[in-house]
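Just so you know, all these numbers are worked out from the coordinates, no wet-lab data involved. For clarity, every value in this text was computed on a predicted model and none was experimentally measured. All Cβ positions, glycine included, derive from the backbone under ideal geometry; neighbour counts span all protein chains shown.
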Amino acid sequence: MTVTQPSWAKQSSSIPASSSSGPSKAAASAKPKQASSGSWPGLGVSATLSRALVLRGFKIPTPIQRTTLPSTLATPPRDVLGMARTGSGKTLAYIIPLLQRLATSTSMAVGPKALILCPTRELALQILRVGKDLGRGKGKEGGGSAIKWALIMGGDSLDAQFEMLCSQPDVIIATPGRLLHLVVEMNYDMRSIEMVIYDEADRLFEMGFEVQLH
């Protein structure tokens with residue numbers, strides 16, 4: 001899991017990693033001072049999202065969430081490289097700050113605000129389910145419209161995905177190959193994006209998506 005800001009939006013540097021002998025250790029050690037709080041509000045999660053998490057059975061943050069949320073919820077946010085086992089709560093670790101920033105955003109820019117890139121259609125669908133469930137009814141604070149999601153991946157209709165992007169979604173969840181195809185075909189402007197997330201970044205590179213990611 002990698003959470004970063006695009007180059008045009010960056011305000012702070014990545015979390016420095018301590019010295020290590022390999023990429024796995026570096027990823028695990030690339031973390032800020034860990035928060036000791038065992039509660040969602042103690043990590044900076046809003047009251048609205050905290051209640052939603054508890055109602056869905058997520059009563060206390062997991063280690064990956066306690067480690068990364070203080071950085072991703074900071075002002076300005078810091079880049080984060082996180083690694084943890086399957087089932088450890090990685091998806092929520094980035095969905096929570098994504099939803100909170102969308103709810104409090106004052107940006108007037110037209111276009112998507114967040115991009116989530118992942119290697120497979122199955123993972124993209126899973127991310128969408130988690131995001132929609134936790135984000136239900138949580139648009140901008142003060143009664144704004146609901147969050148709009150666009151799912152861009154191979155195997156689905158190109159025409160339908162053209163329409164999704166033209167509808168100005170708040171969040172794009174995509175596999176790199178299909179997204180690149182649509183961006184080129186549509187000359188799609190993505191400069192409004194403020195948050196970029198790579199889910200299973202190691203697999204994205206292993207599967208040959210390095211060129212598309214750059």
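The modelled label-to-label distance between Thr106 and Ala47, using points 7 Å beyond Cα along the C-beta direction, is 2.1 nm. Karplus-based coupling profile of the stretch 43-55, in residue order and whole Hz: 9, x, 6, 4, 4, 4, 5, 4, 5, 4, 5, 5, 4, with θ = phi - 60° in 6.51 cos²θ - 1.76 cosθ + 1.60 and x standing for Gly or Pro.
Computing Rg and the Kirkwood Rh from the Cα coordinates of the stretch 70-214 gives a ratio, Rg/Rh, of 0.94. Near Ile152, the amide H atoms lying under 5 Å from its own belong to Ile173, Ala174, Thr175; only residues 5 or more places off or on other chains count, and H is placed 1.01 Å from N. Summary of packing: across the peptides 196-203, 126-133, the per-residue average of other C-beta atoms within 10 Å ranks them, highest first, as 196-203, 126-133.
Phi-derived couplings, Karplus 6.51 cos²θ - 1.76 cosθ + 1.60 at θ = phi - 60°, listed residue by residue for the stretch 179-196: 4, 4, 4, 5, 4, 5, 4, 8, 6, 6, 8, 10, 6, 7, 5, 10, 9, 10 Hz, with x used for Gly and Pro.
Ranking of Val171, Val54 by neighbouring Cβ atoms within 10 Å, starting from the fewest: Val54, Val171.
Placing R0 at 22 angstrom, the Cβ-Cβ distance between Asp133 and His181 gives a FRET efficiency of 0.15 after rounding to 0.05.
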